[in-house]
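Participant: Shown below is the structure under consideration.
Nothing in this text is a laboratory measurement; each read-out follows from the coordinates by a stated rule. Quick caveat: nothing in here was measured; it's all calculated off a predicted structure. Because the Cβ atoms are built from the backbone with ideal geometry, glycine has one as well, and the counts that use them run over all protein chains shown.
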Amino acid sequence: MFKKLYIKTYGCQMNVYDSDRMKDVLKPLGYSPCDSPEDADMVILNTCHIREKAAEKVYSELGRLNKIKNNKIGQGLEMILAVAGCVAQAESEEMLRRAPFVDLVFGPQAYHNLPEMIARVSRAKGSVLNTDFPTQAKFDYLPEVMVGKEGIEGASAFLTIQEGCDKFCAFCVVPYTRGAEFSRPAADILVETKRLVDLGVKEVTLLGQNVNSYHGMGTGGIEWGLGRLIREVAEVDGIERIRYMTSYPADMDEELISAHGEIEALMPFLHLPVQSGSDKVLKAMNRRHGADQYRQIVERLEKVRSDIALSSDFIVGFPGESDTDFENTMKLVKEVGFIQAYSFKYSPRPGTPAASLDNQVHETVKTERLKILQHELNKQQLAFNESCVGRNMPVLLDRPGRIKGQIVGRTPYMQPVHISAPEHFLGTIVHPYIEVAKANSLAGSLQITEQSKNVA
Ligand code: 5AD
Ligand code: SF4
């Protein structure tokens, strides 16, 4: 029986990976993806809890979807409405109370049970709730990664190797929504990497909420850290590029840092959130690193890989942040230099320790600081992009552009590059000459010879 599945994914790359796996799990049940909830027999909202008012936004989206569901019921049709991800985990029973028309609420650790949950929905009257935390079970029961419209597309893929977080930064909901740290066994990760290569993947991004705290069982019966795991992934024939995210500064150990100097496939670009440049604020945030420790990590990385570049996350206006604290953040930004960054005003998340602190920073101060910080970060990003003009850069072409005849790929530094090239170049690494730098992308050109035109 053919059915249509619509998944809307919010938030981080881990959710993108989870949504793809949900499609894999549901494929044997006859579900294939579609592009709008109106066409769907099942709608899944794969939610993220990290942004402000995340739960409220999900409830209003659910209100809209309920109208579509009721329309369908009016026409004698059905629609299963499911909420997955971190908001589902955090809201749990509350979601079934506030939105009783939702059929399924399940957390990030439960989606391997989707077939069973769907069977329960059609058998039972009422909704199904599954927000337990048995991480290993999920990975064991997931089907193999699939190819085509329903699975991995293109030359770049995500691979979740670690989940959860034990760090408990005072502002963050992740330890509550994703649960305790868990690392997948290396053997499983290597098998998945090989399968991805067989499906045409050349670049793999190893994912985890706290990816560099990876400590999974190695193939020889002892635990491996991320540095060791990357070495083994790099040995898989056909893997040309490796990335990992998101990392925690205090977990950048020697083995991982030296991997950056020794493994060519490991891209010279690292997302390493620092959050603040003030030791006082970092301590209040319950971060296990200071500003100088961060600087030292960057220095050590640059020593082994001189072309490495960094991106980061910043929070301004954490409770108690003074002008001097903020100046220290600006000082760190100017000293380290970031080629890309995400920056946010602190906003209290219910249930996290920082939300109940009484020294909250005024909104106007946060707005002003964010403006100053983003101005500097944007300037650094543009300067880096401009420094690429006039160079030939390796670009993995992984998707067609919006304009016909155009293909888009990524440099080692994740900058999107638009080039004109024949479609059969998709999935290859080329070395275009970079001609134009914009705030968020580059444009380049290929010297296409008669010989390369024939490359299949
Ligand atoms: N307020 C503002 N930013 C936050 N982040 C996480 N929680 C909060 C919060 N309560 C930001 C952090 C993190 C990124 C994913 O989101 O910078 O690294
Ligand atoms: Fe959240 Fe990252 Fe801190 Fe874990 S390390 S609590 S995921 S900000």
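Participant: Which links in K27/K202; K67/K167; K23/K438; K53/K138; K23/K194; K72/K345 stretch past 31 Å when you go from one Cα to the other?
Facilitator: Too far apart for the 31 Å limit: K67/K167; K23/K438; K72/K345.
Participant: Could you size up the charge dipole of the stretch 239-383 around its Cα centre, putting +1 on the beta carbon of Lys and Arg and -1 on that of Asp and Glu, and report it in debye to the nearest 20?
Facilitator: 360
Participant: Here is a further query. Using a Förster distance of 22 angstrom, determine the FRET efficiency expected from the C-beta separation of F2 and I73, and round it to 0.05.
Facilitator: According to the calculation, E is roughly 0.65.
Participant: Note the full-extension length gain between E327 and S441 as 0.36 nm times their separation in residues minus their Cα-Cα distance, in nm to one decimal.
Facilitator: Net length gain for the segment: 38.1 nm.
Participant: A follow-up question, please. Subtract the Cα-Cα distance of E368 and D307 from 0.36 nm times their separation in residues, and report this length gain in nm to one decimal.
Facilitator: Answer, rounded to one decimal: 18.7 nm.
Participant: To continue, here is another question. Suppose only helical runs count, i.e. DSSP H with n ≥ 4. What mean residue ellipticity at 222 nm does that imply for the chain under -39500 (n - 2.57) per run, divided by all residues and rounded to the nearest 500 deg cm²/dmol?
Facilitator: Here the helix-only value at 222 nm equals -11000 deg cm²/dmol.
Participant: Might you report the magnitude of the Cβ-based charge dipole of the chain about its Cα centre, with Lys and Arg at +1 and Asp and Glu at -1, to the nearest 20 debye?
Facilitator: Computed about the Cα centre, the dipole is about 1180 debye.
Participant: Modelling each spin label as a point 7 Å along the Cα-to-Cβ direction, I'd like the E299/E56 distance in nm, to one decimal.
Facilitator: According to this spin-label approximation, the distance is 4.6 nm.
Participant: I'd like the FRET efficiency for R288 and D358, computed as 1/(1 + (r/R0)^6) with the beta carbon distance as r and R0 of 30 Å, rounded to 0.05.
Facilitator: For R288 and D358, the calculated efficiency is 0.75.
Participant: Over all distinct Cα pairs, what is the inverse of the mean 1/r for the chain, reported as the Kirkwood hydrodynamic radius in Å?
Facilitator: About 23.6 Å, per the Kirkwood formula over Cα pairs.
Participant: Okay, next question. Using 7 Å Cα-to-Cβ label points, what is the E264/D132 separation (nm, one decimal)?
Facilitator: Taking the two extended label points, one gets 4.8 nm.
Participant: Order of 349-362, 220-233 by packing, highest average Cβ count within 10 Å first?
Facilitator: Output ranking for 349-362, 220-233: 220-233, 349-362.
Participant: May I ask you to order 6-12, 259-265 by the average number of other C-beta atoms within 10 Å around their residues, highest value first?
Facilitator: Ranked from most to least packed, the peptides come out as 6-12, 259-265.
Participant: Given 0.36 nm per residue, what is the gain on full extension from I257 to S387 after removing their alpha carbon distance, in nm?
Facilitator: Fully extending the segment from I257 to S387 adds 44.3 nm.
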